[in-house]
Amino acid sequence: MSFFIRLDRTPDATLHDQLVEQTRQAILTRRLSAGTRLPASRTLAAELGISRNVIVAAFDELISEGYLEGRVGSGTYVTNDLPSAPGRTLAAPVGMPRWLRHEQRIAATTPPLARDAIDFRLGTPTITPLPLDVWRRAWRDALDVLPPTQYGPVAGDPDLRAAIAGYLGRARGIACGADDVIVTAGAAQALDLIARATLAPGDTVGMEEPGYPEARNLFLAQQAHLLPVPVDDDGLRVDCLLTGPTAPLLLYVTPSHQYPLGARLPVARRMALLAWAAANDSLIIEDDYDSEFRFDAPPLPALAGLDETGHVAYIGTFSKVLTPSLRAGYLVAPQPLRARIVGLMQLTARLTPWPVQRALTHFLVSGDLERHIRRMRRHYAAKRAALHDALAPVAPLARLQGLEAGLHAYLELRPDLDAATIIARAAARGVIVYPLGDYYIGAPDRCGILLGYGGLTCDDVVRGTCILADVITEAYATRLFGDL
């Protein structure tokens, strides 16, 4: 719920009044649906950085107005007796947008896992802290009935799509309904479907530079022309986007945690980006791949939650919050793009298995997923702190960035250090790290190393980064004094 509470600490309105009004609007617009359990006052106060008394007073006022109800021993809930209101709706473009065309693709490859090494591979989470009884409960619920005898809906199980829509409303402020959601076999399939549904050979796709190689390969498979767009410490440079007839048809962005540098796109740039898309009739593909994990930083609104013209397709995944082995993700897209994508899925029938969809529905509806996310934030925060502390001694030589969110960090090296040499020497000592240069379309404009810490134990993070720090120190000494 704290996601769409954006408090302004100017004297124009009290914190109490802002909290009451924003919560009231969230309920009226159905971003908080009837029956939703609100966070405990202590939890919400900690997330917003305000006094618990302000939260309690605001809840009491909303209870007196009939928006909330308290249940003894259970908590505070959005009342079930609200007057009927239109369901969640997603913005739709006016007329037929120019980005609806389509073609085909090839598969991308990933490097094999390093054996007997500390591998700082990006995009790797862990599920170890998830209590086994929670996992078993989800699957008992999934297997409590016999499976259907027919293929399920191509867009996904209706209950799961409704649960995802509710989750996105609570967690990311995206006002959507079950019909706006398509369940996919992961984020890669969602991106592939968008590319096939929209691109003809030669169409231009904007990509963050540096950016996600797998996305780049999927667009190239559709014979797209890639247009690199510079990235700075605040993410995509909106001012560098082409406009008019030369504007890219699609623009792929990772605003919550820029991949791979880790920047977070500020709200002002988000609004400018949406204005650019509407003015140029371009489709923004928002990959929100690990937005659930943020540290010492407030949540920022999703582009899809701010979009009012139907120019954003939103991709989410369960790979980071649970495990990639489930092969499950989701796509929220405007009409008529959804209809075309569902048509493509009917041709391929590559759907997420029914038991997986049932188990995920349980995770979402029961609240177990959001509890697990809170648990994992603490777990990953400990690894993040270990990474930071172990690399602190080499801070003058290597600046650690991108730690505000996500499961990986970017280590920017001094220009006089050679990343390839450091990576090779670290590998020789059993530590695998990744070069930033592989994430560029053109020539790199900075020198650095990427460190994915999500899938490692805290001990391995410490051991691996200590070895890396030694290698960096040795590389600098060699540059100064040569091999002794």
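Per-residue ellipticity at 222 nm computed for the chain from its helices equals -12000 deg cm²/dmol, with DSSP H segments shorter than 4 residues left out and the rest contributing -39,500 (n - 2.57).
Relative to the longest principal axis of the Cα atoms of the chain, helix 368-391 runs at roughly 20 degrees. Take the alpha carbon gyration tensor of region 338-420, find the square roots of its eigenvalues, order them as a ≥ b ≥ c, and report rounded if a/c is under 1.5; if not, report prolate when a/b exceeds b/c, else oblate. Judged from the Cα gyration tensor, region 338-420 comes out oblate (a/c at least 1.5, b/c at or above a/b). Using the Karplus relation 6.51 cos²θ - 1.76 cosθ + 1.60 with θ = phi - 60°, the per-residue 3J(HN,Hα) values for region 199-205 come to 9, 10, x, x, 5, 8, 10 Hz, with x marking Gly and Pro.
Between GLN223 and ALA382, the simple spin-label model (points 7 angstrom out along Cα→Cβ) gives 5.3 nm.
Specify whether the C-alpha gyration tensor of region 254-360 places it in the rounded, prolate or oblate class, a ≥ b ≥ c being the square roots of the eigenvalues: rounded for a/c under 1.5, otherwise prolate if a/b is larger than b/c and oblate if not. Here region 254-360 falls in the oblate category. Rounded to the nearest 10 square angstrom, HIS388 shows an accessible area of 100 square angstrom against a 1.4 Å probe.
For a paramagnetic label modelled on ARG350 (point 7 Å from Cα along Cα→Cβ), amide N atoms under 17 Å away belong, within region 161-199, to 182-199.
Where the accessible area of region 302-401 is counted over protein heavy atoms with a 1.4 Å probe, how much of it, in %, is carbon and sulfur?
Of the solvent-accessible surface of region 302-401, carbon and sulfur hold 55 percent.
Based on protein heavy atoms only, the chain ends up with 43 Å² per residue of surface accessible to a 1.4 Å probe. For the chain, the Kirkwood hydrodynamic radius comes to 23.9 Å, computed from all pairs of different C-alpha atoms. Using heavy atoms of the protein chains and a probe of 1.4 Å, the accessible area assigned to GLU474 is about 90 Å². The simple Förster model, with R0 at 22 Å and r as the Cβ-Cβ distance, assigns THR43 and PHE295 a FRET efficiency of 0.85. For the pair THR421 and ALA395 in one chain, pulling the backbone fully straight at 0.36 nm per residue adds 7.5 nm over the alpha carbon distance. Helix 52-65 sits at what angle to the longest principal axis of the chain, using alpha carbons and giving 0 to 90 degrees rounded to 10? Here the helix axis deviates by roughly 30 degrees.
Taking a ≥ b ≥ c as the square roots of the Cα gyration tensor eigenvalues, with a/c under 1.5 meaning rounded and otherwise prolate when a/b beats b/c, else oblate, which class fits region 362-484? In terms of gyration-tensor shape, prolate. In region 192-319, the DSSP beta bridges split such that about 10 percent are antiparallel, to the nearest 5.
Need the C-alpha centroid separation for region 387-447 versus region 128-182, integer Å. Value for the Cα centre distance between the two parts: 38 Å. Annotation: the antiparallel percentage among DSSP beta bridges lying fully within the chain is about 60.
Using 1/(1 + (r/R0)^6) with R0 = 35 angstrom and r between the beta carbons of ALA279 and ALA34, what's the FRET efficiency to the nearest 0.05? For ALA279 and ALA34, the calculated efficiency is 0.40.
Rounded to the nearest 0.05, the FRET efficiency derived from the C-beta distance between TRP139 and ALA200 at R0 = 41 Å is 0.40. Figure note: LEU82, LEU364 ranked by solvent-accessible area, largest first, 1.4 Å probe, ligands and nucleic acids not counted: LEU82, LEU364.
Ranked from the most accessible area to the least, with a 1.4 Å probe and all protein chains present, what is the order of ILE285, ILE423, ILE63?
Final ranking, largest accessible area leading: ILE63, ILE423, ILE285.
The values are calculated or read from the model by the stated rules, or taken from the named source; none is laboratory data. Since we're looking at a predicted model, the values are computed, not measured. When we count neighbours, we look across all protein chains shown, and the Cβ atoms used for this are built from the backbone with ideal geometry, even at glycine. These area figures cover heavy atoms from the full protein model, side chains too; ligands, DNA and RNA do not enter into them. Shrake-Rupley method; radii C 1.70, N 1.55, O 1.52, S 1.80 Å.
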